[in-house]
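Trainee: Got a structure for you, written out below as structure tokens; questions coming shortly.
The values are calculated or read from the model by the stated rules, or taken from the named source; none is laboratory data. Just so you know, these numbers come straight off a predicted model, no measurement behind them. Quick reminder, even Gly has a Cβ in these numbers, built from the backbone with ideal geometry, and neighbours come from all protein chains shown. Ligands, DNA and RNA are stripped out before the accessible areas are found, and what is left, the full protein with its side chains, is counted by its heavy atoms. Shrake-Rupley method; radii C 1.70, N 1.55, O 1.52, S 1.80 Å.
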Amino acid sequence: MKGQMVLVLAAIAAVILALASDASARPKIVVLATGGTIAGAQTSTKEVGYKSGTFKVEDLIKAVPQITELADLTGEQIVNIGSQNMNNEVWLKLAKRVNATLKRDDVDGVVITHGTDTMEETAYFLNLVVKSDKPVVMVGSMRPATATSADGPANLYNAVAVAIHPEARGRGVLVVLNDEIHFAREIEKQNTTQLDTFKSPNRGRAGVANTGAVHFFNKPAALHTTASEFSVEGVDVLPRVEIIYSYANLGRDFIDCAVEKGTKGLVLAGVGDGNSTDPALAALGDAVKKGVVVVRSSRTGSGLVVRNVEIDDDKMDTVAAMELNPQKARVLLMLALMKTSSPKEIQDKFSKY
Ligand code: DGL
């Protein structure tokens with residue numbers, strides 16, 4: 001009898017040990033939640049209206065029970081907002097948190113839940129200031145958590161699968177949605193409501209992720225994370241940079257106003273190849289003479305803006321955004337302005353990042 005007892009206890013101990021070692025063998029992923037539609041709730045499932053950032057990080061994880069087979073997850077709520085309200089302050093807080101989390105030996109990667117509206121900007125910002133090769137994967141959804149066929153749970157599952165994939169290391173910040181993986185620098189939101197809103201128009205997707213099966217196609221095209229010169233260490237405020245949208249009949253007033261209000265940099269969301277009206281260009285030229293750095297980007301959604309095509313950048317002392325759309329050009333310009341205000345040196349950064 002006593003012998004049997006000992007055997008039973010030994011068997012129980014063996015099972016407990018096996019479970020414990022199994023758990024410790026699973027990768028450790030920290031989910032940093034910021035809100036967005038993925039955490040959004042409708043008042044009625046029959047209506048399109050909903051409120052972003054309603055559910056907490058624990059609810060998002062609980063909605064995908066199978067995720068715990070992939071990794072050990074812990075969640076942390078950074079903010080709970082619609083990403084239309086994302087701002088420089090939250091970016092700095094988030095970036096510092098990502099860096100501190102990835103420094104931990106017991107963490108293998110970070111997944112960030114975020115609204116899709118400004119996901120590309122946050123992703124690109126982190127891509128330039130995260131100091132780790134460990135995976136950082138951003139994820140959102142186009143339908144709120146309460147919707148019929150909500151896409152958030154499948155997206156979150158795929159995001160964790162990407163974060164634990166050995167090939168995700170060293171690719172910079174990645175974005176997962178609609179079974180696709182995109183690079184932070186390449187991704188753009190291109191549709192207001194459809195599930196396939198994210199495109200990488202210039203260089204294509206990083207890969208695909210379907211029910212947790214991950215395939216990478218590409219490597220990042222520019223410097224990022226550990227190879228980036230930018231850091232948020234000790235930074236509390238980013239230099240002010242505004243975007244001016246160009247259109248037929250644009251005058252100079254908004255440009256003059258931005259300069260008067262003390263902006264340090266201006267990004268032109270130009271027509272075509274980063275172009276604008278004569279009055280707007282005259283105002284931008286005057287801004288440059290006052291020490292404001294002017295970057296020409298394009299409102300078209302794809303393609304390059306290079307130097308000296310229709311506009312003589314050498315003469316105007318302006319910077320060409322190359323492949324960056326206006327909202328990403330703003331991110332790089334803010335970081336670049338912390339290093340220099342020389343248009344020449346800033347042009348060099350637009351060619352590198
Ligand atoms: N306002 C939105 C945001 O949080 C909704 C879009 C989304 O999350 O998909 O970005």
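Trainee: Quick one: count up the residues across the stretch 72-87 that are within 14 Å of the ligand (Cβ to nearest atom), part of a strand (DSSP E or B) and open to solvent by 70 Å² or more (accessible area, probe 1.4 Å).
Mentor: 0
Trainee: Quick one: which of VAL90, VAL111 is part of a helix (DSSP H, G or I) and touching a residue at least 40 places away in the same chain (Cβ under 8 Å)?
Mentor: When all the criteria are applied, what remains is VAL90.
Trainee: Among the numbered criteria (1) under 22 Å from LEU92 (Cβ atoms); (2) in contact with a Leu (Cβ under 9 Å, 6 or more places away or on another chain), which one does LEU268 miss?
Mentor: (1)
Trainee: Hey, another quick one. Taking the stretch 119-171, which residues are outside any strand (DSSP E or B), at pLDDT 95 or above and among the β-branched types (Val, Ile, Thr)?
Mentor: THR122, VAL129, VAL130, VAL160, VAL162, ILE164, listed by residue number.
Okay, residues lined up against (1) of a type in the set (A, V, I, L, M, F, W, C); (2) under 23 Å from SER83 (Cα atoms):
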| position | (1), (2) |
| --- | --- |
| PHE125 | yes, yes |
| VAL137 | yes, yes |
| GLN194 | no, yes |
| GLY204 | no, no |
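Trainee: Filter the stretch 88-98 down to the residues that are away from the ligand (no atom under 16 Å from the Cβ) and surrounded by 20 or more Cβ atoms within 10 Å (Cβ to Cβ) and list them by number.
Mentor: Of everything in the stretch 88-98, those that are away from the ligand (no atom under 16 Å from the Cβ) and surrounded by 20 or more Cβ atoms within 10 Å (Cβ to Cβ) turn out to be ALA95, VAL98.
Trainee: Go through the residues of the stretch 215-223 one by one and say whether even a single one is more than 13 Å from the ligand (Cβ to nearest atom), aromatic (Phe, Trp, Tyr) and in a loop (DSSP other than H, G, I, E, B).
Mentor: So far as the stretch 215-223 goes, yes, one or more of its residues are more than 13 Å from the ligand (Cβ to nearest atom), aromatic (Phe, Trp, Tyr) and in a loop (DSSP other than H, G, I, E, B).
Trainee: Within the stretch 121-144, take every residue that is within 11 Å of the ligand (Cβ to nearest atom) and not hydroxyl-bearing (Ser, Thr, Tyr) and give me the one that is surrounded by the most Cβ atoms within 10 Å (Cβ to Cβ).
Mentor: It comes out as GLY140.
Trainee: Something else about it: From the list THR116, THR54, exactly one residue is within 13 Å of the ligand (Cβ to nearest atom), surrounded by 17 or more Cβ atoms within 10 Å (Cβ to Cβ), more than 18 Å from the chain's Cα centre (by Cα) and not in a helix (DSSP H, G or I). Which is it?
Mentor: THR54
Trainee: Checking the structure you have, find out if any residue of the stretch 157-179 is more than 11 Å from the chain's Cα centre (by Cα), away from the ligand (no atom under 16 Å from the Cβ), among the hydrophobic types (A, V, I, L, M, F, W, C) and open to solvent by 10 Å² or more (accessible area, probe 1.4 Å).
Mentor: yes
Trainee: Which one is nearest to the ligand (Cβ to nearest atom) among residues in the stretch 42-51 that are among the β-branched types (Val, Ile, Thr) and open to solvent by 100 Å² or more (accessible area, probe 1.4 Å)?
Mentor: VAL48
Trainee: Shifting gears a bit: When the stretch 192-222 is examined, which residues are found to be of a type in the set (Ser, Thr, Tyr) and either under 16 Å from the mean Cα position of the chain (by Cα) or buried (at least 17 other Cβ atoms within 10 Å of the Cβ) (or both)?
Mentor: Those that are of a type in the set (Ser, Thr, Tyr) and either under 16 Å from the mean Cα position of the chain (by Cα) or buried (at least 17 other Cβ atoms within 10 Å of the Cβ) (or both): THR197, SER200.
Trainee: Sticking with this one: Under the condition of being in contact with a helix residue (DSSP H, G or I) (Cβ under 7 Å, 6 or more places away or on another chain) and part of a strand (DSSP E or B), which residue from the stretch 180-191 is least open to solvent (accessible area, probe 1.4 Å)?
Mentor: Ranking the candidates gives ILE181 first.
Trainee: Answer yes or no: is there a residue in the stretch 249-268 that is open to solvent by 40 Å² or more (accessible area, probe 1.4 Å), under 26 Å from ASN191 (Cβ atoms) and polar (S, T, N, Q).
Mentor: no
Trainee: Just checking, does the stretch 223-245 include any residue being more than 24 Å from the chain's Cα centre (by Cα) and modelled with pLDDT of 95 or more?
Mentor: No, the stretch 223-245 contains no residue that is more than 24 Å from the chain's Cα centre (by Cα) and modelled with pLDDT of 95 or more.
Trainee: Just give me the residues in the stretch 20-41 being part of a helix (DSSP H, G or I) and away from the ligand (no atom under 15 Å from the Cβ), in sequence order.
Mentor: Hits for the stretch 20-41 are ALA20, SER21, ASP22, ALA23, SER24, ALA25.
Trainee: Any residue at all in the stretch 62-71 that's open to solvent by less than 40 Å² (accessible area, probe 1.4 Å) and in contact with a Ser or Thr (Cβ under 9 Å, 6 or more places away or on another chain)?
Mentor: Among the residues of the stretch 62-71, not one is open to solvent by less than 40 Å² (accessible area, probe 1.4 Å) and in contact with a Ser or Thr (Cβ under 9 Å, 6 or more places away or on another chain), which makes the answer no.
Trainee: Look at VAL64 and say whether it is under 26 Å from THR225 (Cα atoms), touching a helix residue (DSSP H, G or I) at 6+ places or on another chain (Cβ under 6 Å) and more than 16 Å from the ligand (Cβ to nearest atom).
Mentor: So VAL64 fails the test.
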